[in-house]
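Everything below concerns the one structure shown next.
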Amino acid sequence: MTSRITLITPASNRSLREARFDDGSPLDPSGRTRAEASAGRLGAADRVLVSPTARCLETAAALGLAAVPEPAAAGLDMGRWRGLTLDEVMAREPDAVMSWLTDPDAVPHGGEPVRALCERAAGWLAASAAVEGRTLAVVEQEFVRALAVTVLEAPGPAFWRLDVPPLTATELSGRSGRWNLRLGRELESEGR
């Protein structure tokens, strides 16, 4: 049995534009407009899931998807850094940021380490492999990065070397524990 998973990243919002750790802000008008313009271009899916963050929920709605919340596909818990920009944290805690960017087990923010996110993503992927048909999931960029690191069996620090743009599709297909990965297709080019 071949499993097919399409991961959609959320449209832009203030947090993404300002390089701010997710603070629950809504989609911005241009992000909502882009998502609405892509509605109906994703094809049929046997199950549709969404990360429980505000921007993922709003993106799914703008895409016209009746998605079921999937807590296991949540983004990285940034603890006390939530809502701050990377520049703000770097100015206050440069050593902590450097530790976080180089050590996948570091948790200077008191939230979740990158390695734990990758393990959670790996568990989600293993469970999804047992589901027949196509899965469509609107998830945070860091969840896509964690899945890419898992599928490629890359070292933990590779997590920070992957850029995942807003409102793009990443496709996974696999069977027998072997996955193929296609990154970053723009939704607006879907069906053209």
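The values are calculated or read from the model by the stated rules, or taken from the named source; none is laboratory data. The shown structure was predicted, so the numbers you read here are calculated from the model rather than taken from an experiment. Ideal geometry is used to build each Cβ from the backbone, glycine not excepted, and the neighbour counts take in all protein chains shown. Protein only, heavy atoms only, side chains kept; ligands, DNA and RNA dropped before computing areas. Shrake-Rupley method; radii C 1.70, N 1.55, O 1.52, S 1.80 Å.
Got at least one residue in the stretch 154-169 being of a type in the set (Ser, Thr, Tyr), within 16 Å of residue 35 (Cβ to Cβ) and surrounded by 15 or more Cβ atoms within 10 Å (Cβ to Cβ)? Looking for residues that are of a type in the set (Ser, Thr, Tyr), within 16 Å of residue 35 (Cβ to Cβ) and surrounded by 15 or more Cβ atoms within 10 Å (Cβ to Cβ), one finds at least one in the stretch 154-169, hence yes. Determine whether the stretch 70-82 contains at least one residue that is over 20 Å from residue 113 (Cβ atoms), open to solvent by 70 Å² or more (accessible area, probe 1.4 Å) and either outside any loop (DSSP other than H, G, I, E, B) or small (Gly, Ala, Ser) (or both). No, that holds for no residue.
Output the residue which, of all residues in the stretch 58-69 that are assigned to a loop (DSSP other than H, G, I, E, B) and open to solvent by 50 Å² or more (accessible area, probe 1.4 Å), is farthest from residue 113 (Cα to Cα).
Within the stretch 58-69, the first condition is being assigned to a loop (DSSP other than H, G, I, E, B), and the residues that meet it are 63-67.
Pick out the ones that are also open to solvent by 50 Å² or more (accessible area, probe 1.4 Å) and you get 64, 66.
Numbers: 64: 33, 66: 31 Å.
Result: 64.
Does residue 115 satisfy being at pLDDT 95 or above and farther than 23 Å from residue 186 by Cβ? Considered against the rule, which asks whether it is at pLDDT 95 or above and farther than 23 Å from residue 186 by Cβ, residue 115 comes out as yes. On the basis of being touching a residue at least 12 places away in the same chain (Cβ under 8 Å), in contact with an Asp or Glu (Cβ under 9 Å, 6 or more places away or on another chain) and on the phi < 0 side of the Ramachandran plot, does residue 50 make the cut? So residue 50 passes the test.
Might you let me know whether the stretch 43-57 holds any residue that is modelled with pLDDT under 95, in a helix (DSSP H, G or I) and open to solvent by 50 Å² or more (accessible area, probe 1.4 Å)? No; the residues of the stretch 43-57 include none that is modelled with pLDDT under 95, in a helix (DSSP H, G or I) and open to solvent by 50 Å² or more (accessible area, probe 1.4 Å). Scanning the stretch 142-151 turns up one or more residues that are touching a helix residue (DSSP H, G or I) at 6+ places or on another chain (Cβ under 7 Å), open to solvent by 20 Å² or more (accessible area, probe 1.4 Å) and over 16 Å from residue 77 (Cβ atoms).
Residues 110, 133: which one is open to solvent by 10 Å² or more (accessible area, probe 1.4 Å), within 24 Å of residue 187 (Cβ to Cβ) and over 19 Å from the mean Cα position of the chain (by Cα)?
Numbers: 110 fails: within 24 Å of residue 187 (Cβ to Cβ).
Matching residue, one of 110, 133: 133.
Of all residues in the stretch 96-142, those satisfying the criterion of being over 22 Å from residue 9 (Cβ atoms), without any contact (Cβ under 8 Å) to a residue 12 or more places away in the chain and in a helix (DSSP H, G or I) are 97, 98, 99.
All told, residue 93 meets the bar of being open to solvent by less than 50 Å² (accessible area, probe 1.4 Å), under 20 Å from residue 142 (Cβ atoms), at pLDDT 95 or above and not aromatic (Phe, Trp, Tyr). Among the residues of this structure, residue 19 counts as one that is of a type in the set (Gly, Ala, Ser), in contact with a helix residue (DSSP H, G or I) (Cβ under 6 Å, 6 or more places away or on another chain) and open to solvent by 20 Å² or more (accessible area, probe 1.4 Å).
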